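The values are calculated or read from the model by the stated rules, or taken from the named source; none is laboratory data. Please read all numbers here as calculations on a predicted model, not as lab measurements. Don't worry about glycine lacking a Cβ; one is built from the backbone with ideal geometry, like all the others, and counts go over all protein chains shown.
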């Protein structure tokens with residue numbers, strides 16, 4: 001214990017406050033001369049270390065679990081470790097490529113840690129290589145720990161930060177100046193489908209590759225009503241004279257009366273056995289329309305249900321184009337869809353163009369006005385409607 005040199009090694013560790021307190025307790029329990037030296041070297045809780053990381057003038061704050069500089073003097077290598085706890089390491093662990101890519105969620109974190117280290121020139125002199133590590137601990141089933149390390153040169157981290165993170169921050173600063181959410185481009189990504197999917201996807205105003213600028217488009221189209229004008233011209237067009245075919249010859253009553261009487265007086269042929277029940281309209285299951293509202297069937301003797309969202313988006317787009325607006329819910333007072341009239345127009349369009357026979361699932365109905373209108377309009381036309389209750 002007397003030969004322990006705690007000062008250089010402990011200074012290379014950047015620990016969270018709780019971990020720092022734990023280290024102090026362990027060092028104090030050692031006793032002797034090593035404990036005071038360890039205690040002085042350990043970082044104090046909530047003490048900042050070095051200049052804060054920033055991008056586009058916006059500071060980044062956070063905690064790094066472990067910074068290992070034991071190979072910095074000899075090889076110029078600095079390892080930065082982040083501890084991760086997950087229920088399944090095999091399925092949830094990130095790959096080394098993701099840790100080195102700032103466009104991914106784990107990569108943004110670890111590249112940020114690496115960029116912070118590059119800014120600490122006095123603390124980490126001669127830094128040439130960074131080892132970005134996720135150390136995983138499995139919390140369910142088998143006790144398991146796994147390490148994923150991405151070894152990258154310092155130039156790679158600097159390039160990722162400048163070319164990917166800096167532009168994202170600049171875009172965020174620009175979007176923060178928007179007066180309405182509709183002026184910000186929709187960010188469609190993997191997060192939209194996580195945890196069963198976002199129930200507000202039906203409320204997204206545009207498609208995946210379109211930019212939201214609804215307010216500007218509405219203002220620019222306020223004085224334009226081209227689709228409505230064309231419809232008015234067609235309604236006011238002069239009516240063409242109707243061409244009627246010549247009258248058919250009147251049948252002679254003497255010839256038809258006996259036939260009618262014979263047809264009406266002829267009794268139906270008798271059948272043996274029990275009388276047959278009234279014929280019921282039987283439809284093949286493949287030709288039925290089944291709708292599951294706010295529920296998903298676990299077992300269903302029929303085709304696999306598909307989401308009704310695509311059908312809702314298609315009908316909304318058709319009604320919006322016919323009304324000359326981008327979104328029917330934002331139709332102005334000068335539009336034929338204004339004052340809530342879009343609901344009736346959307347319902348009529350849905351009843352006139354039913355989805356193909358099959359099974360459909362409508363989720364998040366309470367959060368989507370469009371979905372509510374479509375479901376209410378389609379319910380009488382479907383062969384079976386199942387609603388989920390809580």
- Note on the structure: residue 142 fails exactly one of (1) without any contact (Cβ under 8 Å) to a residue 40 or more places away in the chain; (2) in contact with a strand residue (DSSP E or B) (Cβ under 9 Å, 6 or more places away or on another chain); (3) surrounded by fewer than 18 Cβ atoms within 10 Å (Cβ to Cβ), namely (2)
- Can you spot a residue in region 306-321 that is over 23 Å from the mean Cα position of the chain (by Cα), at pLDDT 85 or above and surrounded by fewer than 20 Cβ atoms within 10 Å (Cβ to Cβ)? yes
- Message: Residues that are buried (at least 16 other Cβ atoms within 10 Å of the Cβ) and touching a helix residue (DSSP H, G or I) at 6+ places or on another chain (Cβ under 9 Å), at least 1 per element: which helices (runs of 4 or more DSSP H) completely within region 50-114 meet that?
- Response: 96-99
- Task: Kindly provide the set of residues from region 87-113 that are more than 24 Å from residue 53 (Cβ to Cβ) and either touching a strand residue (DSSP E or B) at 6+ places or on another chain (Cβ under 6 Å) or not assigned by TED's automatic domain parsing to the domain that holds residue 158 (or both), ordered by number.
- Result: 89, 92, 93
- Query: Could you count how many residues in region 372-390 are under 16 Å from residue 344 (Cβ atoms) and surrounded by 13 or more Cβ atoms within 10 Å (Cβ to Cβ)?
  - Reply: 7
